[in-house]
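Following: one structure in structure tokens, then a few remarks.
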């Protein structure tokens, strides 16, 4: 088989075999296409084939028969159209769709787990009230609670990946955060890895959740440490970046604007090209079984995206990896963090009042009701919005507070509150949910008397929130 019409800049191709250009796996398909054309078939649909290295391209191959004036076949005309960029875009789109689907699944799983963990942690708190710290049962229950809290941390990573995590953003100076974090990073990296920090001049502020930003840097540092088993250098640089126009880097398209860029660079083993596109997938890991959850980089991706930023990775096998994080620069002043408030003693968490509790998950409802009754409150329980409205109609006294789950069948929490506030416009409300406050944050900021308590919550979290809200003056 000879190629008469293919061309390549700077490379002689005349009378070279077509097989010199096409990967071996596609030879049979081309032979069958040529045989069909020779038999007189008219095939308008192109054949998709791959070229040999160093081209490494995917092309659409169109074949037509070249005939003499007397109708005799004298050869073929082959046209190649480069599809490589189209295929890359299709792969990126498919990957983004898969990440979105997995993110939705992770968010749903995390929501269900938060309900389970709320009940587990809550009932552990109730059991701990029956024992002294020196009892063996107290220690056993604490072990259960500690492991439940570890599970809650894992769920937070799932929510971070799915971008449904409850964030508490505030305006901060990234340089200060990284400087304070450097002591912890040095301990994590060990003695054979050198940490270098280089801060840009006149670095602008950003509005992020400081704890989540620290988690991003720690996760990247841990991955860098594992990529440098024989030691090396981890450098973290920050700088102001102003983009006059949109910039495409890999699958990311960063719109124009002012950003703070954080570069995390290691001198490790690098990431092979065949897996670099999968590193942000949840549970994907190149480490040995039992050496990690596979959620580290997916958590980084989720937090950065939920913060409104972008993350780009470049890597060379044997030379190291560089992560670029772009966070929108905040147009305002850095606000000093408020002084920590001393926790109220346990005895201050008792109270009086009537609370309507609406929760479709029976274990969560049972724990929450028992915990509030133990603190002195009168609790009306409802497992649905319809039942809650019936209780309000049948209750002669005053209801001081409504605690309702956000996601419930038939009638969700916000809809229920709309019905209740049509009759009781000033009633105070606490929304509880395993999802993030961000999913309905505009509603909370737009109306007074609406509050949020994320799941899983402990007995102390619940009692403190209720005491603060129920005793606050009505507006």
Kindly indicate the residue of region 395-412 that is free of Cβ contacts under 8 Å to residues at least 40 places away in the same chain and under 26 Å from residue 351 (Cβ atoms) and also farthest from the chain's Cα centre (by Cα) among those meeting that condition.
396
Pairs returned, first residue in region 103-115 that is on the phi < 0 side of the Ramachandran plot and crowded, with 16+ Cβ neighbours inside 10 Å, second residue that is assigned to a helix (DSSP H, G or I) and modelled with pLDDT under 70, beta-carbon separation under 6 angstrom, 6 or more apart or interchain, are 106/158; 106/161; 110/158; 110/159
May I ask you to say which residue of 178, 195, 234, 203 is more than 22 Å from residue 153 (Cβ to Cβ), assigned to a loop (DSSP other than H, G, I, E, B) and touching a residue at least 12 places away in the same chain (Cβ under 8 Å)?
203
Take region 429-454 and flag every residue that is modelled with pLDDT of 60 or more, out of contact with any strand residue (DSSP E or B) (no Cβ under 6 Å at 6 or more places or on another chain) and not in a strand (DSSP E or B).
434, 435, 436, 447, 448
Would you please list the contacts, defined by Cβ atoms under 6 Å and residues six or more apart or on different chains, that run from a residue in region 144-173 that is on the phi > 0 side of the Ramachandran plot and modelled with pLDDT under 85 to a residue that is surrounded by fewer than 20 Cβ atoms within 10 Å (Cβ to Cβ) and not in a strand (DSSP E or B)?
163/305
Residue check: is residue 415 within 32 Å of the chain's Cα centre (by Cα), surrounded by fewer than 19 Cβ atoms within 10 Å (Cβ to Cβ), modelled with pLDDT of 90 or more and over 29 Å from residue 348 (Cα atoms)?
yes
Out of 232, 211, sole residue that is in contact with a strand residue (DSSP E or B) (Cβ under 9 Å, 6 or more places away or on another chain) and either surrounded by fewer than 16 Cβ atoms within 10 Å (Cβ to Cβ) or on the phi > 0 side of the Ramachandran plot (or both)
232
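Here's the yes/no breakdown for (1) assigned to a strand (DSSP E or B); (2) over 30 Å from residue 396 (Cβ atoms); (3) modelled with pLDDT of 85 or more; (4) in contact with a helix residue (DSSP H, G or I) (Cβ under 8 Å, 6 or more places away or on another chain):
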{"residue": "272", "(1), (2), (3), (4)": "no, yes, yes, no"}
{"residue": "277", "(1), (2), (3), (4)": "no, yes, no, yes"}
{"residue": "297", "(1), (2), (3), (4)": "no, yes, no, yes"}
{"residue": "325", "(1), (2), (3), (4)": "yes, yes, yes, yes"}
Can you tell me which residue in region 214-224 is farthest from the chain's Cα centre (by Cα), limited to those that are surrounded by 16 or more Cβ atoms within 10 Å (Cβ to Cβ) and touching a residue at least 40 places away in the same chain (Cβ under 8 Å)?
224
Residue list for region 299-323, filter: part of a loop (DSSP other than H, G, I, E, B), touching a strand residue (DSSP E or B) at 6+ places or on another chain (Cβ under 8 Å) and at pLDDT 85 or above:
308, 309
Checking the condition over 18 Å from residue 118 (Cα atoms), assigned to a loop (DSSP other than H, G, I, E, B), at pLDDT below 90 and in contact with a strand residue (DSSP E or B) (Cβ under 8 Å, 6 or more places away or on another chain), which residue from 426, 398 passes?
398
Might you check whether a residue that is closer than 29 Å to residue 130 by Cα, buried (at least 21 other Cβ atoms within 10 Å of the Cβ) and either in contact (Cβ under 8 Å) with a residue 40 or more places away in the chain or touching a strand residue (DSSP E or B) at 6+ places or on another chain (Cβ under 7 Å) (or both) occurs anywhere in region 376-391?
yes
Regarding region 67-86, can at least one residue be identified that is within 30 Å of residue 248 (Cα to Cα), touching a strand residue (DSSP E or B) at 6+ places or on another chain (Cβ under 7 Å), modelled with pLDDT of 75 or more and surrounded by 16 or more Cβ atoms within 10 Å (Cβ to Cβ)?
yes
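The values are calculated or read from the model by the stated rules, or taken from the named source; none is laboratory data. Everything numeric in this text was worked out from a predicted model, so none of it was measured. For neighbour counting, all protein chains shown are included, and Cβ atoms are generated from backbone atoms with ideal geometry for every residue, glycine included.
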